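Participant: Just dropping this structure here.
Any read-out appearing in this document is the output of simple, stated calculations on the displayed coordinates, not a laboratory observation. Everything numeric in this text was worked out from a predicted model, so none of it was measured. Reconstructed Cβ throughout: ideal geometry from the backbone, glycine too, with neighbour counts over all protein chains shown.
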Amino acid sequence: MIEYRPASDLGKTDLAWLQAWHHFCFAGYQDVERLEWGRTRYLNHDRLAAGAELQPSFHFATEMLVIVDEGEIRITRPMDRDMVVGRNRFAYIAAGTGAEFGIANRSSKPASFTTIGLSSVADEPAAFREPVALSAAPGWLASGDDADIAHVRLRTPARVKWLDVAAGQSIDVPLASEFAYLLVMAGAVVIGRDRMTPHDGLAIRNEACLTVAAEKQASLVLIEG
C-alpha cells in the first residue's frame, strides 16, 4: 500500500513569526486519519522568522532528528549550552526520561528545518548529539539496527536515511520494514504515478521496494519502522 500525501494536504500553523507544515497530528492540527505511521509520531517542516524563538518545552519517550535546510538554528537548553545547527546539518535528541529544550533563530534571516519525531522508550536519560553534516553520515543517518552503519544509534527499532538522486537518475529503494515514510526535501521525483516535490510524502506499508526517478536533482528522507 502506498498513499501519496502532497504538501497541499498537510496540516498548517500560520503565525507572524512561524509557518509550519505537519504530516501528522501536532499542536493545533488534529486529524484522526493521521495520528502516526509505524513509529513515526510527528514530522514537521518549520520556517522560523529572523530573531524568533520556540520557547523551551518538555519532551519524553521520543527520539528526534532536526535537519536544517536553510539558515541556522540554535537548540536552546535551560541548564546547558546551545547547540548550533547550520544548513545541511542535522542534530539528534533522545528525550528518554525527560528533556527540555527550545529552538531559536538568532540570525537576521529566516531559518527552515524539518523535525522527525519517533516513538521511543523512557527508561534512559536524555541525550543530545552534536550536529553533523548530512554528507558526513555513513549509510543511515540513524538506526536502531546494530547491523546498519549509522551516525546515530537509535534506542527504538527504526531507521532514517538521507538519499540524493541525480537529475535523470532512477534508483530502486529496498524496504525492510512493514511501515515506511518517504519525504521529498528538495528537487522533483516520480514514484509510480505520482510526481513529488518538496514536502510531499508517501505513506508506505508492506512494500518491498520503491523505484524513484529524479526529474531534477533531488534529496529525500526515508523513515523505516
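Participant: Roughly what would the spin-label model give for Val190 and Gln30, points 7 Å off Cα along C-beta, in nm?
Facilitator: Those two pseudo-labels are separated by 4.2 nm.
Participant: Just going by the charge dipole of the chain, with Lys and Arg at +1 and Asp and Glu at -1 on Cβ, which of Ser57, Ser120, Ala208 is farthest out on the positive end?
Facilitator: Ser57
Participant: Could I ask something else about it? Could you list log10 I(q)/I(0) for the stretch 1-52 at q = 0.13, 0.18, 0.22, 0.31 Å⁻¹, which the Debye formula gives when each Cα is one point scatterer?
Facilitator: -0.34, -0.60, -0.83, -1.29
Participant: For Asp14 paired with Met1, estimate the spin-label separation in nm (one decimal), with each label point 7 Å from Cα along the Cα-to-Cβ line.
Facilitator: Going by the 7 Å Cα→Cβ label model, 3.1 nm.
Participant: Continuing with the same structure: With just the Cα atoms defining each centre, how far is the stretch 65-105 from the stretch 111-141? Give it in Å.
Facilitator: Distance between centres, Cα-based: 9 Å.
Participant: If you don't mind, another one. What does the charge add up to near Trp17, with Lys and Arg as +1, Asp and Glu as -1, over the other residues with Cβ less than 12 Å from its Cβ?
Facilitator: -2
Participant: Next question, about the same structure. Kindly list the residues of the stretch 163-203 that lie in the label zone of Cys209, defined by a backbone N under 18 Å from the point 7 Å along the Cα-to-C-beta vector.
Facilitator: 169-178, 180, 190-193
Participant: Rg and Dmax of the stretch 2-224 over Cα atoms: what are they, in angstrom?
Facilitator: 16.6, 50
Participant: Using every Cα-Cα pair within the stretch 148-196, state what percent have a distance larger than 12 Å.
Facilitator: 73
Participant: I need the P(r) histogram for the stretch 50-112: all alpha carbon pairs, bin width 10 Å from 0 out to the longest distance, whole percents.
Facilitator: 23, 55, 21, 1
Participant: Using alpha carbon coordinates only, what is the Rg to Rh ratio of the stretch 1-104, with Rh defined as the Kirkwood radius?
Facilitator: 0.96
Participant: Can you compute the charge dipole magnitude of the chain about its Cα centre, using +1 on each Lys and Arg Cβ and -1 on each Asp and Glu Cβ, nothing else charged? Give it in debye, rounded to the nearest 20.
Facilitator: That gives the chain a dipole magnitude of about 460 debye.
Participant: Sorted by packing (mean other beta-carbon atoms within 10 Å per residue), highest first, where do 191-200, 158-167 land?
Facilitator: Top to bottom by mean Cβ count within 10 Å: 158-167, 191-200.
Participant: Summing +1 for each Lys or Arg and -1 for each Asp or Glu, what net charge is found among the other residues whose Cβ lies under 12 Å from the Cβ of Asn88? Before the final figure, lay out the partial values.
Facilitator: Values: positive: Arg87, Arg89; negative: Asp69, Glu70, Glu72, Asp164.
Surrounding charge for Asn88 is -2.
Participant: Put a dot 7 Å past each Cα toward the Cβ at Ser119 and Asp148; how far apart are the dots in nm?
Facilitator: Inter-label distance under the simple model: 1.8 nm.
Participant: Could you compute the net charge surrounding Ser57? Neighbours are other residues with a C-beta less than 14 Å from the C-beta of Ser57; K and R count +1, D and E count -1. Working shown, then result.
Facilitator: Values: positive: Arg77; negative: Asp46, Glu53, Glu100.
Within the 14 Å Cβ shell, the charges total -2.
Participant: To continue, here is another question. Mean projection of the alpha-carbon convex hull of the stretch 94-167 over all orientations, in nm²?
Facilitator: 6.9
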